[in-house]
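Below is a structure I'd like to ask you about.
The values are calculated or read from the model by the stated rules, or taken from the named source; none is laboratory data. Just so it is clear, the model here is predicted, and its values are computed rather than measured. Neighbour counts run over all protein chains shown; Cβ positions are idealised from the backbone, glycine included.
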Amino acid sequence: MHTTRRRVRWATALVLVAAVVTIAAQSPQDQVQSFFTAYDEAFNARDIDRLGTMYHADVTVFEGGGIDRTWASYRDNHLGPELRNFKDLVFAHSNVVVHVLGPDAAYVTAEYSISYTTGERKVDGGGIATHVLVRENGAWTIRHSQTASRRRPAGGS
């Protein structure tokens, strides 16, 4: 019995070490690409706690003509209330281009698409985005984000 537990512990430890080595071996470009894949997953899951680990505490967010100057402000006054109201949410970044500025800084240009239902209203939208990321303690976070939605056709939602 103890031998089986010991083998399971060793196997688990080896898997964890392999995962850490794999992530560490990624180039900064690949790390940031992986970051946005994980971001899109967290956004679609409406996982505000996980999203909170992806934003710097002092993030600035320029979105929809408004400015949030901290994660807490963006979470409590903008993103959190929206995510709670969105049904059938589908969000994705595409055409993600990573520009590495150094070992701990990068910016990303991308397109995004979003669709959801809120109340009786169905929304299909998208636009362009620029995100500035910094890496602290080995983790990338969004330090600044600016989005611009595409003009909707007349009469559309």
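Would you check if there is a residue in segment 114-126 being free of Cβ contacts under 8 Å to residues at least 24 places away in the same chain and under 24 Å from Gly52 (Cβ atoms)?
No, segment 114-126 contains no residue that is free of Cβ contacts under 8 Å to residues at least 24 places away in the same chain and under 24 Å from Gly52 (Cβ atoms).
Is one or more of the residues making up segment 141-152 in a helix (DSSP H, G or I), over 18 Å from Gln31 (Cβ atoms) and without any contact (Cβ under 8 Å) to a residue 24 or more places away in the chain?
No.
To continue, here is another question. Does Ala57 satisfy being among the hydrophobic types (A, V, I, L, M, F, W, C), in contact with a helix residue (DSSP H, G or I) (Cβ under 7 Å, 6 or more places away or on another chain) and touching a residue at least 60 places away in the same chain (Cβ under 8 Å)? Even if it seems obvious, please write down each step before you answer.
Working: among the hydrophobic types (A, V, I, L, M, F, W, C): yes; in contact with a helix residue (DSSP H, G or I) (Cβ under 7 Å, 6 or more places away or on another chain): yes; touching a residue at least 60 places away in the same chain (Cβ under 8 Å): no.
Considered against the rule, which asks whether it is among the hydrophobic types (A, V, I, L, M, F, W, C), in contact with a helix residue (DSSP H, G or I) (Cβ under 7 Å, 6 or more places away or on another chain) and touching a residue at least 60 places away in the same chain (Cβ under 8 Å), Ala57 comes out as no.
Has segment 99-112 got any residue that is more than 13 Å from Phe35 (Cα to Cα), modelled with pLDDT of 95 or more, charged (D, E, K, R) and outside any strand (DSSP E or B)?
yes
Only one of Ala38, Ala57 is part of a strand (DSSP E or B), under 23 Å from Arg135 (Cβ atoms) and among the hydrophobic types (A, V, I, L, M, F, W, C); which? Steps first, answer last, please.
Values: Ala38 fails: part of a strand (DSSP E or B).
Answer to the check: Ala57.
So that you can scan it fast, the table gives a plain yes or no per residue for (1) β-branched (Val, Ile, Thr); (2) touching a strand residue (DSSP E or B) at 6+ places or on another chain (Cβ under 7 Å):
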site: Pro81; (1), (2): no, no
site: Ala92; (1), (2): no, yes
site: Val108; (1), (2): yes, yes
site: Val123; (1), (2): yes, yes
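Working only within segment 113-123, note down all residues that are charged (D, E, K, R) and either assigned to a loop (DSSP other than H, G, I, E, B) or closer than 20 Å to Gly65 by Cβ (or both).
Glu120, Arg121
While we're on this one: Identify, please: which residue in segment 38-54 is of a type in the set (Gly, Ala, Ser) and more than 11 Å from Ala92 (Cα to Cα) and is, among those, farthest from the chain's Cα centre (by Cα)?
Ala45
Pairs, please: C-beta under 6 Å, at least 6 apart or cross-chain, first residue aromatic (Phe, Trp, Tyr) and in segment 89-101, second assigned to a strand (DSSP E or B) and at pLDDT 95 or above?
Final answer for the pair search is Phe91/Ile114.
Across segment 33-57, what is the number of residues that are in contact with a Phe, Trp or Tyr (Cβ under 6 Å, 6 or more places away or on another chain) and of a type in the set (A, V, I, L, M)?
2
Still on this model: For the subset of segment 60-88 comprising residues that are in contact (Cβ under 8 Å) with a residue 24 or more places away in the chain and crowded, with 17+ Cβ neighbours inside 10 Å, which member is farthest from the chain's Cα centre (by Cα)?
Per the criteria, the residue is Phe86.
From the list Arg135, Arg50, exactly one residue is in a strand (DSSP E or B) and under 18 Å from Gln31 (Cα atoms). Which is it?
Being in a strand (DSSP E or B) and under 18 Å from Gln31 (Cα atoms) holds for just one of Arg135, Arg50, which is Arg135.
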